[in-house]
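> Before anything else, here's the structure in question.
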Amino acid sequence: MAVTLNRRAYEHAKELIGEGRFVLDERDAWSEHRPSAEEENAYIRLHGFSEYGRWYLGINDEKPEETKGHYEFPFGDFTNVHRCGVLAAESRAGQYQHHDIENATAHLHGMLEGRKAAPTSKRSRTASPGRAARGAR
């Protein structure tokens with residue numbers, strides 16, 4: 001499997017963090033915060049695969065472009081970058097020796113940690129805005 005860094009998604013994640021669109025959640029929260037298959041499908045219907053791909057740090061060139069399988073290593077909920085998503089991607093990239101993705105996620109992780117130390121007024125909320133409206137999973 002040839003999985004490489006999706007530079008477009010990496011730049012998107014950096015921009016979102018710079019804009020304060022991130023959630024400083026706990027490491028193990030990704031299973032609760034990551035978009036469900038239904039949310040992914042709805043996002044694709046509304047925005048297309050090109051926009052969907054901006055939320056995934058890896059591209060699997062062995063899978064067709066217009067499929068979910070083409071994109072790997074999600075980092076957010078289609079609104080915000082999630083610290084737990086970045087940490088999950090960083091760990092998995094290291095495990096599978098995708099060094100370019102591992103390095104990119106380590107940089108994003110560092111950016112989030114830097115923002116964590118910033119004054120409260122500059123930080124994002126600790127929960128995703130739409131999460132409460134959708135209910136807990």
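The values are calculated or read from the model by the stated rules, or taken from the named source; none is laboratory data. Owing to the predicted nature of the structure, the values given are computational and were not obtained by experimental measurement. Because the Cβ atoms are built from the backbone with ideal geometry, glycine has one as well, and the counts that use them run over all protein chains shown. These area figures cover heavy atoms from the full protein model, side chains too; ligands, DNA and RNA do not enter into them. Shrake-Rupley method; radii C 1.70, N 1.55, O 1.52, S 1.80 Å.
> Looking at region 82-122 only, could you name the residues that are under 15 Å from Glu26 (Cβ atoms), surrounded by 15 or more Cβ atoms within 10 Å (Cβ to Cβ) and in contact (Cβ under 8 Å) with a residue 40 or more places away in the chain?
Correct list: His82, Arg83, Cys84, Gly85, Val86, Leu87, Ala88, Leu112.
> Another question, if that's okay. It is to be established whether one or more residues within region 35-51 are without any contact (Cβ under 8 Å) to a residue 40 or more places away in the chain, in a helix (DSSP H, G or I), open to solvent by 20 Å² or more (accessible area, probe 1.4 Å) and of a type in the set (Val, Ile, Thr).
Checked region 35-51: at least one residue is without any contact (Cβ under 8 Å) to a residue 40 or more places away in the chain, in a helix (DSSP H, G or I), open to solvent by 20 Å² or more (accessible area, probe 1.4 Å) and of a type in the set (Val, Ile, Thr).
> Moving to a separate point now. Mind checking whether some residue in region 11-20 is open to solvent by less than 30 Å² (accessible area, probe 1.4 Å) and touching a Ser or Thr at 6+ places or on another chain (Cβ under 6 Å)?
Yes, the conditions are met somewhere in region 11-20.
> Please work out which residue is nearest to the chain's Cα centre (by Cα), limiting yourself to region 1-22 and to residues that are closer than 11 Å to Asn80 by Cα and not in a helix (DSSP H, G or I).
Phe22
> Checking Asp25 against (1) out of contact with any strand residue (DSSP E or B) (no Cβ under 9 Å at 6 or more places or on another chain); (2) surrounded by 17 or more Cβ atoms within 10 Å (Cβ to Cβ), which single condition isn't satisfied?
Status for Asp25: all satisfied but (1).
> Among what's in region 52-69 and is assigned to a helix (DSSP H, G or I) and either under 15 Å from the mean Cα position of the chain (by Cα) or among the hydrophobic types (A, V, I, L, M, F, W, C) (or both), pick the residue that is farthest from Gly114 (Cα to Cα).
Lys68
> Are there any pairs with C-beta distances below 9 angstrom linking a residue in region 56-68 that is in contact (Cβ under 8 Å) with a residue 60 or more places away in the chain to a residue that is of a type outside the set (S, T, N, Q) and part of a loop (DSSP other than H, G, I, E, B), with the two at least 6 apart or on different chains, and if so which?
Glu62/Met1; Glu62/Ala2
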